[in-house]
There are 2 protein chains.
Amino acid sequence: MSGSRRLVVVGGVAAGLSAAARARRMDADLDILVFERTGFCSYSACGLPYLVAGVVPHHTALVARTPEDLGSEGIDVRLHHQVEGVDVAAGRVRVRDLRTSREREEPYDELLLATGGRARLPFPGMDLPGVFLVRTVEDGLAIREWIEVERPERAVIVGGGYIGLEMAEALRTRGLEVTLVELLPHVLPLVDEELAEDVEAELVRVGVDLRRSCPVERVEGNGRVGRVVAGGEAIDATLVVVGVGVSPDNSLAVGAGVPLGAGGAVAVDDGMRARVPNVWAAGDCAETRHRLHDRRSYVPLGTVASKQGRVAAANIAGRAESFAGVVGTAAVKVFDLHVGRTGLSEREAAQAGIDAAAATVVHRSRAHYYPGWTPLKVKLVAERGTGRLLGAQLAGTEGVAKRVDVVAAALHAGATVDELGSFDLSYAPPFAPVWDPLLIAARQAQRQV
Amino acid sequence: MSGSRRLVVVGGVAAGLSAAARARRMDADLDILVFERTGFCSYSACGLPYLVAGVVPHHTALVARTPEDLGSEGIDVRLHHQVEGVDVAAGRVRVRDLRTSREREEPYDELLLATGGRARLPFPGMDLPGVFLVRTVEDGLAIREWIEVERPERAVIVGGGYIGLEMAEALRTRGLEVTLVELLPHVLPLVDEELAEDVEAELVRVGVDLRRSCPVERVEGNGRVGRVVAGGEAIDATLVVVGVGVSPDNSLAVGAGVPLGAGGAVAVDDGMRARVPNVWAAGDCAETRHRLHDRRSYVPLGTVASKQGRVAAANIAGRAESFAGVVGTAAVKVFDLHVGRTGLSEREAAQAGIDAAAATVVHRSRAHYYPGWTPLKVKLVAERGTGRLLGAQLAGTEGVAKRVDVVAAALHAGATVDELGSFDLSYAPPFAPVWDPLLIAARQAQRQV
């Protein structure tokens, strides 16, 4: 080991482990040490709602590789280890073994911060038994155990973003009565109102008690959760799941004097270099370049984290690579409704000071005569004057996520709505109408820009 | 009507009617007359296998608009009218009413040839009762009637292209024993061998008797079809469906001295102008610009026909528009297998003289822990040296057609495999793995180019 460079990775989930694995492949001599605070590494946090629902029967299915697997590849992963401080001048981290509470120091030549995000903890009562976040495998297991042992009948979900919506589905699947409480006038703020309304209709259809514009004041209970006080009303609850927005977990960076950027995330260049020598950042703790307005942004998503981790690894291993940036693509399944978005919503375009036009169409997912077609809503956003495509939002019961990706590809290329409207897209009666809903929407948008 | 310009359209299906409808909207004064040889206009030929299968219960579902509908919009459609000659010097067509056999002449100011394709009739015995093409609504109704009245038990399908494969599914659905006879070593020649093999395995799985490298010599029978002689063997058959390749129906153009181009199709510019004043062509009788090698090509598909018809209409109405060209996208459902392709196959790239590399991966259609995932095969073709993406082929049971379209969008933009590999594609466990199979394939292809 003497003489070899040492990479220390803080965080063993998407960004941290995609970086460690690639660095291992690219530089066989690198000494790689990963510290993960929880008892699991290399897990899919996006799978947690499906673990709670029982769709995923056992949590081990969410873990792609165990520390033993990684050890055999030459990646040393230490679970239950929390890095508590970084001395960037000395090139050392201070790390605590959470099981023994013992602290020690470990030197590094390169340090990758992949500390992820942390939930904003917005109201009193969060520490009552029966109140859960959905961040770690432990969270998922704890919710599942609470359901199986305590048999709660009424759940309140705080937050109508991706995780809140997926948890609403999971808890209804488990037979609970579900109230979903959203601070804003609509759920899923990353889509515009006319798409959010489809999600809200789906929630109501499956019997979710939806409360919008409803700020949570506190959670109350006698030794365990009993009710949520929100919008001036007390809502009975024997299980509370908090799925509010994520902030970058930047405490290590702040403590070490590593400069922050967009949304409080670690400021990085396109090579994922922080503004301190030999320090890198990737994933939910790092900022991101947004291709649509070319500004640093904060986009905490697993896809972005994995890509950033790979780019960091290449640069650490000495091969120059740049992160291509995001266009803001995401998708979610809410009961039978699939919703996806990419680029800028109409609201985001306005916030970015772009003069945007929008067109919304509802068209069939398959040929009109082919059984099983369902309505597909497509909203396109484009820049007035230039016709430059800015974004798309789709909702329907099939063919949503990958149609969103067609627009994501068009956004990567800087296409106009005219160009999108001329795309040679596939057609067969079971898959699409002869004019794909994207093409219909593009034609509609051409008239607006 | 005096003083108004007159557009005569020959052919009332995809290209002809998309042109007529748009010309109507763009020029309220235009006198529009459409001649259609069959008894139906504005129908989906791609729906015919589903009519035969019974998935579409009634043929009227395949007809988007009747002559009455179109008449009320100011489009005069004459069914059972065959245009038999064009006098381009005089600006007149000679048209025969097939029900009365009477001929007359009709003047035009603008003439759009949308005569479509015609099946190559490759062997003796095609005229025996029980032998059918799959081109018109009448063909579909005749096959259905033959099945219901004659109760054939054994069918032979000649040709393993899109229509042959869809008809194999349709006839198995109707309970017939099916033999599929293909001249070439593999079915579906628009995809490379490793994808065609998946289709062949699916055919075998559902009990289709597949004969490859098997040239049909003739169809025989005593007053009606009794057997197909192919590959030196007699195959019993009481129903024969011929789905061999389509050629442009260029007889009118040839007779009128309108120059031909790629594959014997009418030569056109990007505005769909033929090389004779006031004559236009669109759809399966017209050539097409292929964006991948920028050569005129022959791509007889409904999507292309509809787009070309719209472009022709704009130019006829005086608004300059160019057809953006095709990238060669198509998809087909073969029983439970979905297959799609776009761009150039490895074989086509070689034929075009391009030094191409390819990468084929098999990956999951959803997150590995999400139930119901199935294997998805992705083959990417790219130019060696430049890394320019040339094409993709996919096969699987879900998420195929629109993933093909993601690559189609990338091809429209002239993207490299590096760029495809960096695309910000959507992710949620029910829709895709965190690394979409397209991204995995792109990474694999990066190593080959």
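Please tell me if B:S297 is polar (S, T, N, Q), within 14 Å of chain A (Cβ to nearest Cβ) and more than 19 Å from B:G11 (Cβ to Cβ). Spell out the reasoning first.
Values: polar (S, T, N, Q): yes; within 14 Å of chain A (Cβ to nearest Cβ): yes; more than 19 Å from B:G11 (Cβ to Cβ): yes.
So B:S297 fits the description; yes.
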Report task. Filter region A:288-309 for residues that are surrounded by fewer than 23 Cβ atoms within 10 Å (Cβ to Cβ) and more than 13 Å from the chain's Cα centre (by Cα) and give the result. Result -> A:R289, A:H290, A:R291, A:H293, A:D294, A:R295, A:R296, A:S297
Report summary line: Of the conditions (1) in contact with a Pro (Cβ under 7 Å, 6 or more places away or on another chain); (2) outside any strand (DSSP E or B), the single one that A:P371 does not satisfy is (1)
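Can you tell which of A:A408, A:A392, A:A382 is at pLDDT 95 or above, surrounded by 23 or more Cβ atoms within 10 Å (Cβ to Cβ) and touching a Phe, Trp or Tyr at 6+ places or on another chain (Cβ under 7 Å)? It would help to see each step written out before you state the result.
On the way: A:A392 fails: touching a Phe, Trp or Tyr at 6+ places or on another chain (Cβ under 7 Å); A:A382 fails: touching a Phe, Trp or Tyr at 6+ places or on another chain (Cβ under 7 Å).
The unique qualifying residue is A:A408.
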**Report entry** Test: A:A324 is under 19 Å from the mean Cα position of the chain (by Cα) and in contact (Cβ under 8 Å) with a residue 60 or more places away in the chain
**Finding:** yes
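For residues that are small (G, A, S), out of contact with any strand residue (DSSP E or B) (no Cβ under 6 Å at 6 or more places or on another chain) and not in a loop (DSSP other than H, G, I, E, B), scanning just region A:406-437, find the one that is nearest to the other protein chains (Cβ to nearest Cβ).
Of the residues in region A:406-437, the ones small (G, A, S) are A:408-410, A:413-415, A:421-422, A:426, A:428, A:432.
If we keep only those that are out of contact with any strand residue (DSSP E or B) (no Cβ under 6 Å at 6 or more places or on another chain) too, we end up with A:409, A:413-414, A:421-422, A:432.
If we keep only those that are not in a loop (DSSP other than H, G, I, E, B) as well, we get A:409, A:421.
On the way: A:A409: 4, A:G421: 9 Å.
For region A:406-437, the residue satisfying everything is A:A409.
Among A:V77, A:V88, A:V55, A:V95, which is within 30 Å of A:G226 (Cβ to Cβ), among the hydrophobic types (A, V, I, L, M, F, W, C) and either in contact (Cβ under 8 Å) with a residue 60 or more places away in the chain or touching a strand residue (DSSP E or B) at 6+ places or on another chain (Cβ under 9 Å) (or both)? Quick ask: steps written out before the conclusion?
On the way: A:V77 fails: within 30 Å of A:G226 (Cβ to Cβ); A:V88 fails: within 30 Å of A:G226 (Cβ to Cβ); A:V95 fails: within 30 Å of A:G226 (Cβ to Cβ).
So the residue among A:V77, A:V88, A:V55, A:V95 that is within 30 Å of A:G226 (Cβ to Cβ), among the hydrophobic types (A, V, I, L, M, F, W, C) and either in contact (Cβ under 8 Å) with a residue 60 or more places away in the chain or touching a strand residue (DSSP E or B) at 6+ places or on another chain (Cβ under 9 Å) (or both) is A:V55.
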Report summary line: Scanning region B:106-131 residue by residue, the ones that are under 23 Å from B:V268 (Cβ atoms) and in a strand (DSSP E or B) total 9
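Would you call B:P129 in contact with a strand residue (DSSP E or B) (Cβ under 7 Å, 6 or more places away or on another chain), of a type outside the set (A, V, I, L, M, F, W, C), in contact (Cβ under 8 Å) with a residue 12 or more places away in the chain and more than 30 Å from B:R273 (Cβ to Cβ)?
On the way: in contact with a strand residue (DSSP E or B) (Cβ under 7 Å, 6 or more places away or on another chain): no; of a type outside the set (A, V, I, L, M, F, W, C): yes; in contact (Cβ under 8 Å) with a residue 12 or more places away in the chain: yes; more than 30 Å from B:R273 (Cβ to Cβ): yes.
When the stated conditions are applied, B:P129 does not pass them.
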Query raised in the report: Residues of region A:370-387 being closer than 17 Å to A:A349 by Cα and out of contact with any Leu (no Cβ under 9 Å at 6 or more places or on another chain), which ones?
Result: A:R384, A:G385, A:T386, A:G387
Report task. Tell me, please, whether a residue that is assigned to a strand (DSSP E or B) and either among the hydroxyl-bearing types (S, T, Y) or farther than 30 Å from B:E194 by Cα (or both) can be found in region B:341-357. Result -> yes
Requested in this report: Look at B:A168 and say whether it is of a type outside the set (F, W, Y), modelled with pLDDT under 95 and in contact with a Leu (Cβ under 6 Å, 6 or more places away or on another chain).
Outcome: no
Report summary line: Checked region B:250-274 for anything over 18 Å from B:K307 (Cα atoms), buried (at least 18 other Cβ atoms within 10 Å of the Cβ) and touching a residue at least 40 places away in the same chain (Cβ under 8 Å); matches are B:N250, B:L252, B:A253, B:A256, B:V258
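Check A:E153, A:E138, A:E166 and return the single one that is in contact with a Lys or Arg (Cβ under 9 Å, 6 or more places away or on another chain) and in contact (Cβ under 8 Å) with a residue 12 or more places away in the chain. Break it down into steps so the answer makes sense when it comes.
Values: A:E153 fails: in contact with a Lys or Arg (Cβ under 9 Å, 6 or more places away or on another chain); A:E138 fails: in contact with a Lys or Arg (Cβ under 9 Å, 6 or more places away or on another chain).
Of A:E153, A:E138, A:E166, the one residue that is in contact with a Lys or Arg (Cβ under 9 Å, 6 or more places away or on another chain) and in contact (Cβ under 8 Å) with a residue 12 or more places away in the chain is A:E166.
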**Report entry** Residue list for region B:42-100, restricted to those being within 14 Å of chain A (Cβ to nearest Cβ), more than 21 Å from B:A305 (Cα to Cα) and of a type in the set (G, A, S)
**Finding:** B:A53, B:G54
**Report entry** Conditions (1) more than 12 Å from chain B (Cβ to nearest Cβ); (2) on the phi > 0 side of the Ramachandran plot: number failed by A:V378
**Finding:** (2)
Report task. Give the residues of region B:396-405 that are facing chain A (nearest Cβ under 7 Å) and aliphatic (A, V, I, L, M), sorted by residue number. Result -> B:A401, B:V404
Report summary line: Residue hits (region A:27-46; touching a Pro at 6+ places or on another chain (Cβ under 9 Å), free of Cβ contacts under 8 Å to residues at least 60 places away in the same chain and not aliphatic (A, V, I, L, M)) are A:E36, A:C41, A:S42
**Report entry** Qualifying strands (runs of 3 or more DSSP E) (wholly inside region A:135-247; at least 1 residues being touching an Asp or Glu at 6+ places or on another chain (Cβ under 7 Å))
**Finding:** A:154-158, A:177-181, A:209-211, A:227-230
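The values are calculated or read from the model by the stated rules, or taken from the named source; none is laboratory data. As the structure is a prediction and not an experimental result, all values here were calculated from the model. For neighbour counting, all protein chains shown are included, and Cβ atoms are generated from backbone atoms with ideal geometry for every residue, glycine included.
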